[in-house]
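Trainee: The structure's right below; bear with me while I get my questions together.
The values are calculated or read from the model by the stated rules, or taken from the named source; none is laboratory data. Bear in mind that the values here come from a model prediction, so they are computed numbers and not experimental data. Neighbour counts are summed over all protein chains in view; Cβ atoms, including those assigned to glycine, are modelled from backbone coordinates with ideal geometry. The protein model used for the area step is the full one, side chains on, heavy atoms only, and it has no ligands, DNA or RNA in it. Shrake-Rupley method; radii C 1.70, N 1.55, O 1.52, S 1.80 Å.
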Amino acid sequence: MLKRIVYGVSGAVIVGLGLFSFYAWNSSIDPIAPPVNADYPPQVIEQGKILAAAGYCSTCHTTPGGEAYAGNYEMHTEFGTIYSSNITPDVETGIGGWSEAAFNRAMRTGVSRDGHHLLPAFPFEHFNKMSDDDIGAIYAYIMTSIPAVNQVKKENGIPFPLNIRWLQAGWKLLFADTQNFEINDSKSEQWNRGAYLAEGVAHCGACHTPRNVLGGEKYDQMYQGAAIDGWIAPSLTSTSTSPIPWRAQDFYEYLTTGNSPYHGSAAGPMAPVMHKGLSALPKSDVEAISYYFADHSGAKESDDPAANSNLQTAIAAQHIQTDLRIDEGARLYATACQACHYSSDELVKGRPLLTLGSATHLDQPTNLVNVILDGVRNDQGISGVVMPGFRDALSDQDISAIAAYLRQAAGKSAWPELQQKVIEIRNQPRFEQ
């Protein structure tokens with residue numbers, strides 16, 4: 001009896017492994033000679049250029065100061081370090097031998113030309129929402145307009161057994177959204193256009209949606225915020241902690257200028273999203289994305305932020321004189337920050353009121369501390385407006401005192417173990433874009 005049970009279980013395991021192997025296996029697609037410009041209409045290549053920018057292809061496939069699209073951009077994850085691939089049309093180390101069919105398969109299913117599974121750091125489940133024409137346009141642009149660079153991809157630092165590509169098929173089976181984009185008939189054309197762009201090429205959910213312990217997006221919490229590259233991508237829904245709701249025009253202003261007076265400036269991984277990405281899209285597309293996210297935030301376009309009681313409270317709080325002799329955070333803020341971050345009766349664009357900003361109202365101090373440490377460069381936030389970093393000027397105790405003061409002035413409960421978190425944030429890997 002025991003033998004029959006053992007044989008039965010063993011047989012089931014063998015059959016299961018066989019079926020999984022069949023599911024996980026993908027054939028190789030024959031290489032081709034790289035296409036040339038004459039193979040595509042100029043308008044297709046131009047559309048591909050726009051979409052490649054909107055998909056941040058260069059941002060993730062280019063090292064700081066390196067050759068565009070040549071790969072080896074370093075990404076730190078909870079599962080180890082991943083280096084992006086070389087996607088220039090180099091035949092030896094890039095995708096020069098890839099056909100459009102091979103490129104389309106990679107974009108839709110996360111499978112390389114040779115049949116091996118790509119790691120889910122590549123957001124194929126978002127790119128799968130794109131149309132074949134749009135994917136083909138990106139292929140045409142890369143293959144005809146990006147210089148070929150011979151650069152070998154670095155080995156990923158993913159430990160065994162997570163580095164076994166065969167197992168990625170199981171991850172996809174469990175967690176990947178493989179559905180194509182579907183029009184929502186109950187929504188407007190503008191909403192659907194925004195959804196197509198946000199869910200597809202812009203892959204906003206890849207950063208703004210929380211993930212489970214194995215790295216799968218929690219689709220039931222779509223756009224509700226997540227940690228990414230040492231920052232917090234805040235919630236874009238009604239769960240946002242921002243004291244003033246995000247309207248469509250607030251999203252639009254933020255996505256086109258890098259700043260919203262009522263919410264703050266773009267820094268960290270978000271800065272290249274608009275300055276190197278969405279800025280390539282036509283105005284109507286950015287408006288559609290803004291409209292789509294305003295629907296998620298639940299804000300009413302008729303609401304006037306200037307009349308919001310939270311704004312009035314924040315402006316009035318600036319005039320409350322704290323005893324600078326005993327409040328170290330208030331004293332440091334007054335000497336290092338207040339000269340720029342001060343508004344009278346109206347907010348000044350580019351000089352956000354920090355007690356009102358989204359970073360001060362998040363459940364973690366990550367974004368606020370990052371900005372205090374490293375400032376805002378002229379290619380972040382509003383172009384040409386800079387904030388100096390205080391990494392070398394202020395101690396961990398100083399920065400935690402300023403953050404604690406701002407948090408209290410914003411009427412929020414104190415961040416626990418704040419100074420320890422400042423130390424951790426200061427020492428984390430820096431992600432230069």
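Trainee: State which residue pairs qualify: first residue within 23 Å of ARG113 (Cβ to Cβ) and at pLDDT below 85 and inside region 153-180, second residue polar (S, T, N, Q) and in a loop (DSSP other than H, G, I, E, B) in any location, beta carbons under 8 Å apart, and separation of 6 or more residues or different chains.
Mentor: ASN163/ASN156
Trainee: I've got another one for you. Select, from SER279, SER302, the only residue that is over 22 Å from the mean Cα position of the chain (by Cα) and open to solvent by 40 Å² or more (accessible area, probe 1.4 Å).
Mentor: Of SER279, SER302, the one residue that is over 22 Å from the mean Cα position of the chain (by Cα) and open to solvent by 40 Å² or more (accessible area, probe 1.4 Å) is SER302.
Trainee: Okay, moving on. Could you check region 282-299 and list, in sequence order, the residues that are in a helix (DSSP H, G or I) and either surrounded by fewer than 16 Cβ atoms within 10 Å (Cβ to Cβ) or among the charged types (D, E, K, R) (or both)?
Mentor: Within region 282-299, LYS283, SER284, ASP285, GLU287, ASP295 qualify.
Trainee: Can I ask one more? When only residues in region 123-148 that are assigned to a loop (DSSP other than H, G, I, E, B) and surrounded by fewer than 19 Cβ atoms within 10 Å (Cβ to Cβ) count, which is nearest to the chain's Cα centre (by Cα)?
Mentor: SER131
Trainee: Can you name the residue in region 48-93 that is among the acidic types (Asp, Glu) and over 22 Å from GLY216 (Cα atoms) and, of all such residues, is least open to solvent (accessible area, probe 1.4 Å)?
Mentor: Only one residue fits best here, namely ASP90.
Trainee: Among what's in region 48-103 and is among the charged types (D, E, K, R) and within 21 Å of the chain's Cα centre (by Cα), pick the residue that is nearest to VAL201 (Cα to Cα).
Mentor: Here the answer is LYS49.
Here is a yes/no grid of residues against (1) β-branched (Val, Ile, Thr); (2) under 25 Å from GLY268 (Cα atoms):
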{"site": "ASP90", "(1), (2)": "no, no"}
{"site": "ARG108", "(1), (2)": "no, no"}
{"site": "PHE127", "(1), (2)": "no, yes"}
{"site": "ILE146", "(1), (2)": "yes, no"}
{"site": "TRP166", "(1), (2)": "no, no"}
{"site": "LYS172", "(1), (2)": "no, no"}
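Trainee: Count, please, the residues in region 226-236 that happen to be open to solvent by 40 Å² or more (accessible area, probe 1.4 Å), touching a Ser or Thr at 6+ places or on another chain (Cβ under 9 Å) and over 25 Å from GLY411 (Cα atoms).
Mentor: Adding up the residues that qualify gives 0.
Trainee: What do you reckon, is ASN184 farther than 30 Å from GLU78 by Cβ, polar (S, T, N, Q) and open to solvent by 40 Å² or more (accessible area, probe 1.4 Å)?
Mentor: Yes, satisfied.
Trainee: Filter region 237-268 down to residues that are open to solvent by 30 Å² or more (accessible area, probe 1.4 Å) and of a type outside the set (Phe, Trp, Tyr), then give me how many there are.
Mentor: 10
Trainee: Sticking with this structure for a sec: What number of residues within region 188-206 satisfy the criterion of being open to solvent by 50 Å² or more (accessible area, probe 1.4 Å), in contact (Cβ under 8 Å) with a residue 12 or more places away in the chain and of a type outside the set (S, T, N, Q)?
Mentor: Adding up the residues that qualify gives 1.
Trainee: Which number in (1) closer than 22 Å to SER99 by Cβ; (2) touching an Asp or Glu at 6+ places or on another chain (Cβ under 7 Å); (3) at pLDDT below 95 marks the one condition that ALA148 misses?
Mentor: Of (1) closer than 22 Å to SER99 by Cβ; (2) touching an Asp or Glu at 6+ places or on another chain (Cβ under 7 Å); (3) at pLDDT below 95, only one is false for ALA148: (3).
Trainee: Filter region 316-349 for residues that are buried (at least 18 other Cβ atoms within 10 Å of the Cβ) and either part of a loop (DSSP other than H, G, I, E, B) or modelled with pLDDT under 80 (or both) and give the result.
Mentor: HIS341, LEU347
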